Amino acid sequence: GAAVEFTPGAPGAGDPYFPDMGNGGYDVAHYDLKLSYDPGTKAIDASAEIDARATQNLSRFNLDFSGPLQISALKVDGRKAAFKRTGAQELEITPSKGIRKNRKFTVSVAYSGVPQGVNDPALGTSGWVPTANGALMVNQPIGAATVYPVNDIPADKATYSFTLTAPKDLTTLANGDFAGKVTRGNLTTSRWEMRQPMASELAMLTIGKYDVVTTKTSTGIPNITATDQALGISPELAKSFNAKTASIQDWLATKFGKYPFSSTGGIALNAGIGYALETQARSIYDLGRRPGTIPSDTLLAHELAHQWYGDSSTPERWADIWLNEGFATYAEWMYMEAFQGTPVQDTFDDVYSTPADNGLWTPVVADPGRDNIYHGAVYDRGAMTIHALRLEIGERDFARLIKDWPTRTRGKTFTTAEFIRFAEDVSGERLDDLFKKWIYTSGKPAL
């Protein structure tokens, strides 16, 4: 037969907002990350083992890996492979021989140094963030590659294992199921397993001085919450944070269907980043501006709603982030109606009363532009779109839609067009005009 032709995998995945992010030619199944932290030098000593499958005949391929971390060894299937660092974040790997399409292969990278996160003028801090007693890895949208070699696109979800080592007076935490810890001498190692597919932008780990509360939700899901000792949160409040996480999650499950992960919880800390993030199955809440407090009920409702909308079910492209933020914001509105006496319609009317010349109405919600993925319009007009949809299709179809959509897309990625088609299937209505008006057009929509 003819000789097989091997070609390089693409160095980017084609997201117009982040052209350097992601790579072509393979699909990752699992990341096994081992990381040891030294508080004296603030450095990590780490290794990543990446199980992937070739989607073409690969002569070489790229991973995303940025910043000052130094690679000491790199192998593909146990054999030394040539590599070079190029561009903004490309780690270009050439194995000793080509990899046939559909073949599984493993990349092992050993590396060390002091990681450097990303401070983006429009999008804030992501990646590795030093804290008073350690560090936080919080990746949305572009930070993962500052901590580990990765195919950094939402479309390539994978399972994860974390093995985290630090001096025994520090606590190490990550997403997923706690898989035990062991202390040897002065060092403690904890293990965590994220057994459901996860986008790299939702991977999380943290090292610091934490008080940890471990319980189970009413459906038996392990619920691990941690509070940074630097915040001075009382034991009573720490317990309340844990209990509210469980009760709000249980309430959301009555709306959105079965909780999609095998563990839950949350981490309250002071990282100086000024935001909360729906890191998969264990959100982080930066409360540095409000020490001694726990996240508000509506903030918990927002980040927990993301576990269905954004985490388990994830937009393929960053332009479609309105579906994450719109649903998470709408969950806040529903929570306020159910528990705080504010009807959803009142919240909608209040937001709608924003004057037409206000910047809230400027972005096109379904394509806000790279620097506007966290614009208020993505959240508020996103939520208003969900409400307009509800009014259009009626209570019964809406209740079905918000439960069936996360079930259908569990563990997967999707586009806005697919969501619209699904809403049309559920309701039997044509919804082009509604979505055109609310998410594809700039300016204040007429009611």
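Here is the figure for region 280-298: residues that are touching a helix residue (DSSP H, G or I) at 6+ places or on another chain (Cβ under 8 Å) and open to solvent by 10 Å² or more (accessible area, probe 1.4 Å) total 7.
Is it the case that Tyr374 is open to solvent by 10 Å² or more (accessible area, probe 1.4 Å), in contact (Cβ under 8 Å) with a residue 40 or more places away in the chain, assigned to a helix (DSSP H, G or I) and among the aromatic types (Phe, Trp, Tyr)? No. From the list Met137, Met194, the one residue that fits, being open to solvent by less than 10 Å² (accessible area, probe 1.4 Å), out of contact with any Leu (no Cβ under 6 Å at 6 or more places or on another chain), in a strand (DSSP E or B) and touching a residue at least 12 places away in the same chain (Cβ under 8 Å), is Met194. Arg400 fulfils the conditions (1) touching a residue at least 40 places away in the same chain (Cβ under 8 Å); (2) in a helix (DSSP H, G or I); (3) open to solvent by 40 Å² or more (accessible area, probe 1.4 Å) except for a single criterion, (1). Within region 265-303, can you find the residues that are among the charged types (D, E, K, R) and in contact with a Ser or Thr (Cβ under 8 Å, 6 or more places away or on another chain)? Once the filter is applied, which keeps residues that are among the charged types (D, E, K, R) and in contact with a Ser or Thr (Cβ under 8 Å, 6 or more places away or on another chain), region 265-303 yields Arg282, Glu303. Is it fair to say Thr347 is over 13 Å from the mean Cα position of the chain (by Cα), of a type in the set (S, T, N, Q), at pLDDT 95 or above and surrounded by 17 or more Cβ atoms within 10 Å (Cβ to Cβ)? Yes: the conditions hold for Thr347.
Residues of region 47-73 that are outside any loop (DSSP other than H, G, I, E, B) and either open to solvent by 10 Å² or more (accessible area, probe 1.4 Å) or acidic (Asp, Glu) (or both): Ser47, Glu49, Asp51, Arg53, Asp64, Gln70, Ile71, Ser72, Ala73.
Among the residues making up region 68-96, those that are among the basic types (Lys, Arg) and either within 20 Å of Glu49 (Cβ to Cβ) or touching a His at 6+ places or on another chain (Cβ under 6 Å) (or both) are Lys75, Arg79, Lys80, Arg85.
The values are calculated or read from the model by the stated rules, or taken from the named source; none is laboratory data. From a predicted model like this one, the values you see are computed outputs, not experimental measurements. Note: ideal-geometry Cβ built from the backbone for every residue, glycine included; neighbour counts use all protein chains shown. These area figures cover heavy atoms from the full protein model, side chains too; ligands, DNA and RNA do not enter into them. Shrake-Rupley method; radii C 1.70, N 1.55, O 1.52, S 1.80 Å.
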